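Scroll down for the structure; my scribbles are underneath it.
The values are calculated or read from the model by the stated rules, or taken from the named source; none is laboratory data. Predicted model, so just to flag it, every value in this text is computed and none were measured. In this analysis, Cβ positions are derived from the backbone assuming ideal geometry, glycine residues included, and neighbour counts consider all displayed protein chains.
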Amino acid sequence: MISLLTLFILCCSLIDGSRASFATKSSSSAFISPKNIRTTSRGSSAALAALENGDTTTQNNSQPSFTLKKRNPYDVHVYYNGSNQRETAMLLRSKMKHQFPWMRFYEPKDRPIGPHPLPMWEADFASYDNRVFWGEVCDFIKEEHDKLSILVHPHSLDGDYADHTKNAFWVGNVLELRIQGWKR
């Protein structure tokens, strides 16, 4: 059975040439890049078939799996560093507000805060029922992220540490979060 995170990653077929990553249970990173995602003429991903057939170029042996808490299922963190990136991040924020009016958007934090090593803004899925929009949000982020680093993490029964590491999904550069003291 393929997990929700795996389906999300597959939905995000990386058309724009960036890479997406997720951490596996073995704490190593698995990357899906444009060269190992095959697409059809309609642009849909053939990676799902590759995973089902055991294609190791698109998966590690141990795929992440988790059970979402019955609350806001996902947070989106969009990081920026400097005024040019902040402008790009705010433009993405505006586009996402228009595209996904059901999401909750929080005020930008123009300094590192909590586990976040760079300034960022945050949005969330607002309601457990909105978990079904995961792929749609992912596709949009991948198309529009420019050179920004974006973390999408679940709120699972695995806990905060796991949600920010093995269950985390990144678009753009993966940042090192300040979570060393968190309960594992």
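Quick notes on this one:
- Subset of region 133-177 [in contact with a strand residue (DSSP E or B) (Cβ under 8 Å, 6 or more places away or on another chain), of a type in the set (F, W, Y) and closer than 21 Å to L118 by Cα]: F169, W170
- Every condition in (1) surrounded by 15 or more Cβ atoms within 10 Å (Cβ to Cβ); (2) under 15 Å from H77 (Cβ atoms) holds for N130 except the one numbered (2).
- Which listed residue is more than 13 Å from the chain's Cα centre (by Cα) and either closer than 26 Å to R111 by Cα or of a type outside the set (A, V, I, L, M, F, W, C) (or both), from W170, W182: W182
- Scanning region 56-74 for residues that are at pLDDT 50 or above and either of a type in the set (A, V, I, L, M) or in a loop (DSSP other than H, G, I, E, B) (or both) yields S65, F66, T67, L68, K69, K70, R71, N72, P73.
- Every residue from region 82-107 that is assigned to a helix (DSSP H, G or I) and free of Cβ contacts under 8 Å to residues at least 24 places away in the same chain: S83, N84, E87, L91, S94, K97, H98
- Taken together, the criteria place R111 among residues that are at pLDDT 95 or above, among the basic types (K, R) and either out of contact with any strand residue (DSSP E or B) (no Cβ under 6 Å at 6 or more places or on another chain) or not in a helix (DSSP H, G or I) (or both).
- Scope region 153-176; condition under 20 Å from R86 (Cβ atoms) and touching a helix residue (DSSP H, G or I) at 6+ places or on another chain (Cβ under 7 Å); matching residues: V171
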